[in-house]
1. Of all the strands (runs of 3 or more DSSP E) wholly in the range 155-240, which have at least 2 residues that are of a type in the set (Gly, Ala, Ser), surrounded by 15 or more Cβ atoms within 10 Å (Cβ to Cβ) and modelled with pLDDT of 80 or more?
2. With the requirement that a residue be touching a residue at least 40 places away in the same chain (Cβ under 8 Å), aliphatic (A, V, I, L, M) and surrounded by fewer than 18 Cβ atoms within 10 Å (Cβ to Cβ), what does the range 78-123 give you?
3. State yes or no: is residue 251 of a type in the set (Val, Ile, Thr) and at pLDDT 70 or above?
Amino acid sequence: MNLQQKQSDKSPLPLPGLGFGTALWYLACPLEGWRYSIKPLSQADDSFIDESIQTACFIFRPKTARDLLETGNNLIIVPSRRQLRQGTSRQNIYQTLQNNSSLWGGLLTRNDSIFVWSGFSLDGSSPPASSVSEEADITVQKQNNVILWLYHNSFTLSQESDRTEVYRLYLTSRIQQTNAPPFGKKQMKYHLLDEIATDRFYPVHFTFFNPLSADALNYRPLYDTDQDSIGAAYALPGQLQNTQATWTEDTLFWRSLFVVFALICIGVWGFFAPAIACSPRNRS
């Protein structure tokens with residue numbers, strides 16, 4: 001009887017392995033819960049589509065035009081004028097443009113000649129020179145494959161020789177980019193609504209320079225900072241199928257990743273479990 005009890009005491013207990021399996025189970029449950037919490041709807045009613053379009057319109061203005069206006073007026077114009085009065089180098093003004101990561105491109109001209117530029121080239125998208133006005137102007141422009149907000153402001157500085165120099169500032173912020181030009185080093189696609197396109201909203205599209213699609217389920221006009229209509233946000237039928245397919249593909253990826261993680265953990269446990277079972281502590 002004592003011999004059987006002694007041999008039983010030397011056997012490795014299954015409790016650590018059971019606890020390991022339970023830990024994996026507790027990791028899998030939140031993963032599945034997260035995936036299903038962001039699962040897109042299988043059907044969409046009119047109110048859901050309209051809410052998605054309203055959200056797109058809300059993001060369109062505050063996230064681009066107002067931010068660009070704030071950046072241009074306070075973060076670029078003010079320090080640039082101060083730097084120019086102090087006779088600073090072009091490199092310092094370039095750093096001022098470069099430090100604003102929200103910008104797609106920036107250009108400062110002096111007497112309508114390029115003085116400093118950064119980022120995306122504005123060739124062909126800047127408006128023609130006009131009278132000097134220190135009131136900012138923001139418009140929607142299209143250059144090649146990019147639709148963007150264009151900020152324009154100007155100011156003057158008097159020199160010691162009583163000559164007045166005119167500076168014009170152009171800033172851009174992307175709205176959408178369909179693909180890279182042929183000479184691009186890599187393909188780049190961008191849309192302002194990418195962050196809300198798949199999870200809890202119906203896919204929404206913008207149109208600015210083309211007629212509204214005849215298949216549009218619903219639409220709302222897009223306005224600039226002067227409340228002028230410049231385009232439309234609209235939804236097309238059959239978009240949820242694409243969203244569902246994307247969700248399914250992403251879910252399979254995360255499940256596969258978890259299976260690989262679980263197999264690695266099981267392998268590590270299988271390697272160290274015999275050593276743990278044979279340790280002097282477990283023998284005693």
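The values are calculated or read from the model by the stated rules, or taken from the named source; none is laboratory data. These numbers were taken from a predicted model, which means no experiment stands behind them. Note that we place each Cβ from the backbone using ideal geometry, even for glycine, and neighbour counts take in every protein chain shown.
1. 229-235
2. If the condition is that a residue be touching a residue at least 40 places away in the same chain (Cβ under 8 Å), aliphatic (A, V, I, L, M) and surrounded by fewer than 18 Cβ atoms within 10 Å (Cβ to Cβ), then no residue fits.
3. Yes; evaluated as a whole, the condition is true for this residue.
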